[in-house]
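Each remark here refers to the structure printed beneath this line.
The values are calculated or read from the model by the stated rules, or taken from the named source; none is laboratory data. Just so it is clear, the structure is predicted and the values come from calculations on it, not from any experiment. Positions of Cβ are backbone-derived with ideal geometry, glycine not excepted, and every protein chain shown enters the neighbour counts. The area values use the complete protein model at the heavy-atom level, side chains included, leaving out ligands, DNA and RNA. Shrake-Rupley method; radii C 1.70, N 1.55, O 1.52, S 1.80 Å.
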Amino acid sequence: MNSSNLAWLRVVGAAIGLCSLAFTACNYDVPITSGPTRKVQERLLGDWTSADGKEKLKLRSLDDSIYIVYYDGDLFRAYHSDVAETPFATVQDLNSSDRKFAYVIWKLSDDGKNLRLRSVNDKIVPKETKDSATIVALLTKNARNSELFGEEIEFKKEK
């Protein structure tokens, strides 16, 4: 596996994990990218449990580029949105009528057993931002900014 694929796997994993953080923070009106920038990564699919055992996350593929995420009784659609050589994920809340988006990054451990997720900080990318081009510009500008991401959550893959 080349380093680009490994990096993407780590990002997708983080995005999914962050979904748990971000799912409650789906507050953007537009996606990062209008469509997926990568295919579904098989290593991310499965059932995940938070490190404290309180949260469950199920990740499935809808097709070759879209994930369906089940978290805490809610459904989300997610896909890869690479920006500035960083593997982001666009996550959309399918349960709400406004279908808002969250932006996450994830890291999947080399052995595929641990997934860490972090959501994009809405102080760096304001939730009032209304177009994808501006979102991409802000993510690109802040790609190396340590304040770009919020709290991290870790999940462990169930057997």
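Miscellaneous remarks
- Length added when fully stretched, Leu75-Ser34, from 0.36 nm per residue minus Cα-Cα: 12.8 nm
- Backbone N atoms of segment 49-80 closer than 16 Å to the 7 Å Cα→Cβ label point of Glu151 belong to residues 50-56.
- Couplings 3J(HN,Hα) for segment 106-119, derived from phi with the Karplus relation 6.51 cos²θ - 1.76 cosθ + 1.60 (θ = phi - 60°), are 9, 10, 9, 4, 4, 7, x, 9, 10, 10, 10, 10, 9, 9 Hz, where x marks Gly and Pro.
- Fully extending the segment from Thr129 to Asp63 would add 20.9 nm, taking 0.36 nm per residue of separation and subtracting the current Cα-Cα distance.
- With all protein chains in place and a 1.4 Å probe, the accessible surface of segment 21-89 carries 49 percent carbon and sulfur.
- 5 angstrom amide H check on Val83, placed H, neighbours 5+ away: Phe88
- Under Karplus coefficients 6.51, -1.76 and 1.60, residue-wise ³J(HN,Hα) of segment 90-95 in Hz, glycine/proline x: 9, 10, 10, 6, 8, 8
- Each of the peptides 102-109, 35-42 was scored by the mean count of other Cβ atoms within 10 Å over its residues; in descending order, highest first, they stand as 102-109, 35-42.
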